[in-house]
1. If the requirement is being modelled with pLDDT of 85 or more and either under 36 Å from the mean Cα position of the chain (by Cα) or on the phi < 0 side of the Ramachandran plot (or both), which of these qualifies: B:236, B:222, B:217?
2. Are any of the residues in region B:360-379 buried (at least 24 other Cβ atoms within 10 Å of the Cβ), within 22 Å of the chain's Cα centre (by Cα) and either within 11 Å of chain A (Cβ to nearest Cβ) or modelled with pLDDT of 90 or more (or both)?
3. Go through region A:50-83 and report how many residues are within 25 Å of residue A:182 (Cβ to Cβ), of a type outside the set (A, V, I, L, M, F, W, C) and out of contact with any helix residue (DSSP H, G or I) (no Cβ under 6 Å at 6 or more places or on another chain).
4. From the list A:25, A:12, pick out the single residue that is within 14 Å of chain B (Cβ to nearest Cβ), part of a helix (DSSP H, G or I) and either surrounded by 16 or more Cβ atoms within 10 Å (Cβ to Cβ) or modelled with pLDDT under 85 (or both).
5. Determine the pairs where a residue that is closer than 12 Å to residue A:374 by Cβ, located within region A:336-363, has a partner that is among the β-branched types (Val, Ile, Thr) and modelled with pLDDT of 85 or more with Cβ atoms under 7 Å apart, the partner being 6 or more residues away or on another chain.
6. Can you name the residue in region A:506-554 that is polar (S, T, N, Q) and touching a strand residue (DSSP E or B) at 6+ places or on another chain (Cβ under 9 Å) and, of all such residues, is nearest to residue A:574 (Cα to Cα)?
7. If you take the residues of region A:28-51 that are among the basic types (Lys, Arg) and either farther than 26 Å from residue A:228 by Cβ or at pLDDT below 70 (or both), which of them is farthest from the chain's Cα centre (by Cα)?
8. What is the one condition in (1) touching a Pro at 6+ places or on another chain (Cβ under 6 Å); (2) closer than 23 Å to residue A:454 by Cβ that residue A:360 does not satisfy?
Amino acid sequence: MSGEPNFSNRKYVIGGIAVVVVVLYMVRLFSLQLMSDDYKKNADSNAFRKDIQFPARGLIYDRRGKLLVYNEASYNIMVTMNEQKGIDTLEFCRTIGITPEFYEQRMAEIKSKHGYSRYTPQPFLTQITAQEFAVINERLYQFKGFSAERRTVRHYATGLGAHILGDVGEVSEQDIAEDNYYSRGDYIGKLGIERAYEDVLRGEKGMHILLRDVHGRTQGRYQEGRYDKAAVPGRDLTLSVDLELQALAERLLEGKLGAIVAIEPSTGEVLCMASSPTYDPRQMVGRDRGKNHKALAADPMKPLLNRAIMGTYPPGSTFKITQALLGLQEGSITPDIAFPCSHGFNYKGLHLGCHGHSSPIPLVPAIGTSCNAYFCWNLYRLLGNKGKYGSTQAAMTCWKNHLVAMGFGYKLGIDLPGERRGMIPNADYYDEHYKGSWNALTVISISIGQGEVTATPLQICNLAATVANRGYYYVPHLVKNIQGSVIDTLYTKPHYTKVDRRWYDYAVAGMRKAVVSGTCHAAAIPGYEVCGKTGTAQNRGHDHSAFMGFAPMDKPRIAVVAYIENGGFGAVYGVPIGALIMEQYLNGKLSESSQAKAEKLQHQHIKYGDYVR
Amino acid sequence: MSGKVQQYPIFTIDWVVVVIYILLLVFGWFSICGATHDIGDTDFFSWDSRTGKQLVWMACAGLLAFVILMTDDRYYYNLADAVYWLMMIVLVITPFLAKDIKGSRSWISLGAVSLQPAELAKCATALAIAKFMSSYGRTLSDMRHLIKAAGLILLPMVLIVLQRETGSALVYLAFFLMFYREGMPGSILFTATAAIAYFVIGVRFSTITLPHSHTAVGEFVVLLMIWLFTVILSAVYLPGTSHWRRLAVWGGGATVLALLVSRFVVPFDVAWVQTAVCVGIALYLGYQSIGERIGRYVFIAAFAIGSTAFLYTADYTLNHVLEPHQQTRVKVLLGMEENVTGAGYNVNQSKIAIGSGGLEGKGFMNGTQTKLKYVPEQDTDFIFCTVGEEQGFIGSAGVLLLFLTLILRLVHLAERQTSKFGRVYGYCVLSILFFHLLINVGMVMGVMPVIGIPLPFFSYGGSSLWGFTLLLFIFLRIDAGDRLRAKKR
């Protein structure tokens, strides 16, 4: 140690610093706790009242500016348990119109809730209308510990679009845990657009800090409101949905299970999206929401299911368009090559039936008449081309990649919760399923949209939009405009398929031929060149009836899909429904004969068995 | 008592520290009760509650303390380097194993328990640095040794910053207090403190102006500080001369005159006069240095010039060099802007909670402000405001005094070590405790920026409790071993 300079006196400096800091902090404590008038006023724990300011939720309009969803004032009666002493319970019950039994039960419920606090106002009775509240408000001051809170309640202008709009309800424990913005009793979008655009619609809560005297009377703002936060109202949304079109779609689906989707191909905006059975969104408002929701959830026909994005169906013959396109791109077919069809595909003992038409048949008429054999040959040649791909597995991967690029097999990403991805099998799937021994013939039914292949009506409609655009699509979306903001870039950049622009002309020609002289001549609309494709999807029960189409052929304005469960041939329900939707949108109205057709379709109900689907 | 029993270090341990430690733990636990439970809810011991868990962490800490006391103190010296480097490896891999919790990747999950290696790294660093400094011939008056020692501290700091735990990283600055005790030139500590003060005050109050003048309050106060510091330095380092008196009178006079002119004649920016005063002082001292004891004059002159330059460059850097988002971060840290999660609002809530405690507080479990959950991290970083609300001035001042006693006692214990290793380690411990106290309590009372670090022994959480227990009891063990050997002699 000798030789080193001795710094031990510095211990006094260090000790001194500690003493000075602690003394300064004690002075600070002293001033906070004993000197400051502001804080002394607050020595009484009741001195502060934090009034949460609830923002108005954003409104929702349709694409023509019609108001769909708005707010109305509603009130919650809140109770703060440790202040609620010695009130006349009977009088209270009479005032707000409840029975003493209900009062006891409600109090017990509140106390048993997870996270219950005696110091914060707890919701006692919620969603009281303005009229009811006017009576209660006059006398509420008599009941210590009870207070009122102004909220808004959602109102739906029409009974339409339940699956699109969704609804709002009280936050769940999980919502609170996931986002600390919410506290008990807050409202949150539960389904549909209300859920998907919760962040935009909800706005931001504000808070007023009020000072209260010993009697609990408000004495004014704390520090002239310097620490108050104003509520920021939610932003309004304009949907791409056309309300009239939506109304027609829902009408046409009456008494049937299924979905209708229409998209504007040039933007990816969804023009209508109907799913049947549906329900009235107005019944999901107010105090009965829980009860009604439970009833809907228990319905075996599943009215809460949005079949347009959650129903995964075999696409049937509509899928042949994808096969034609990828076949042309991969060279397994050419526009001119013709295949024989003797009432079906017959090869190596395998038979897959087809209806009668001329044979051999080239591509465009094959689409027009929906020839099964043609597309079986196509897939057979594609998967069997070992020279090009090396193995069936590699060819299968190529096939799958094409379909994924066309929007199948994965969620498209529409701005609604709960979208399903459908199913596009890949090589691994078959390797596992068939233990490695499979070939084109084993899986031949995928070439006509059967077998393992499934898709949502939205994906099929997106296919129609892609063909209408000749090779690209915008991710379908329901929101056209967000007030003071822009929609997600996901919805504004085109997605190109892996098929060249030129091959699309043949798909369009085929779909045109189907309307002119093929399976869906009923889709023709006077004055427009309509393109279409039927689909009849085999199924355990009666076949599903499907149609996809777009119009006009050049500069398309609408792409549509109609998918009716157990509706039989595509031409039975799919085609006329699809045609009516297109006509309504293109002309803004239906012709007289179409009106009659719509009327007839509306009342044509399909008998479904009682089995749980 | 037989001589044999006396050999155990547990009988020579410093009981004052142990008693304070236990008092803080107990007081801390009751505060956590207050912060996490509602009145009437007495389920303090359930594993589902924070208080129940904290009891388990406390029992583990007790066990840990016992094990430390039973271990031969020479191990701590011998293993210091190995433990340090092992800990650095753990810190490197932590971000890869850790889940993202509020943007920070610093928690390693081990089943039911999550550990924060950064808390334990403090102890490892303290041991390593104590060992480094106790090697023969190491002195901090020597710049090379100081830089090497600083390197040992900077490494864990950088690693912890990479885990996005800036608060925990800043704690390592506490070691500079120990450096000061061990001979780091005092001017470094003083200059660093002054620079931080200039920056904080200069920037924080740059937007408010003095009444009836165009002078920014921040600039005015900082220039006043520079003048004052220069005068004090002159008085201390140039004894026997009348320079400091001259500087005080001229500088003070010029400033007061400028203020009066600005107030009654024509408003102008007083800071120009003050800047002139500071530069003038530097020139005066520079002139005096010719022919006298050059070093000290030059140092003080350089201090005056450097400080003035620093004030203007800091302001310029903040407003013109930094990117907007970095500016915001600095401003949020200084409390000039509310951040998105509303740190300023929370501090205000915390002040209200403390303020509402009054002299005697609302009583155990009667705090209401803290129960409304308006203050975040109520049972961890902001635990002191529960003390303030429920125990009042008496309770919270008591806690501060308890901490002060602990720190002063540790200074005493550190000074009585016969080994330099023990002394340096002791100072590390007390510096870290002091830094936590300074920042945490200051933050809760709104006089320090919001830096999320726990209050030792009080805040809820196993990692921090074990980290501090480890830190403290290793020192107690070293001290006890020292006493034991002294007794034998």
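1. B:222
2. no
3. Residues flagged as within 25 Å of residue A:182 (Cβ to Cβ), of a type outside the set (A, V, I, L, M, F, W, C) and out of contact with any helix residue (DSSP H, G or I) (no Cβ under 6 Å at 6 or more places or on another chain) within region A:50-83 amount to 12.
4. A:25 is the lone residue from the list that is within 14 Å of chain B (Cβ to nearest Cβ), part of a helix (DSSP H, G or I) and either surrounded by 16 or more Cβ atoms within 10 Å (Cβ to Cβ) or modelled with pLDDT under 85 (or both).
5. From region A:336-363, the pairs are A:338/A:361; A:339/A:361; A:341/A:361; A:352/A:444; A:357/A:369; A:362/A:337; A:363/A:333.
6. The qualifying residue nearest to residue A:574 (Cα to Cα) is A:545.
7. Within region A:28-51, the subset among the basic types (Lys, Arg) is A:28, A:40-41, A:49-50.
Those still in the list that are either farther than 26 Å from residue A:228 by Cβ or at pLDDT below 70 (or both) too: A:40-41, A:49.
Details: A:40: 53, A:41: 51, A:49: 39 Å.
Going through the qualifying residues, I end up with A:40.
8. For residue A:360, the failing item is (2).
The values are calculated or read from the model by the stated rules, or taken from the named source; none is laboratory data. In this text, all values refer to a predicted model and were calculated from it rather than measured experimentally. Ideal geometry is used to build each Cβ from the backbone, glycine not excepted, and the neighbour counts take in all protein chains shown.
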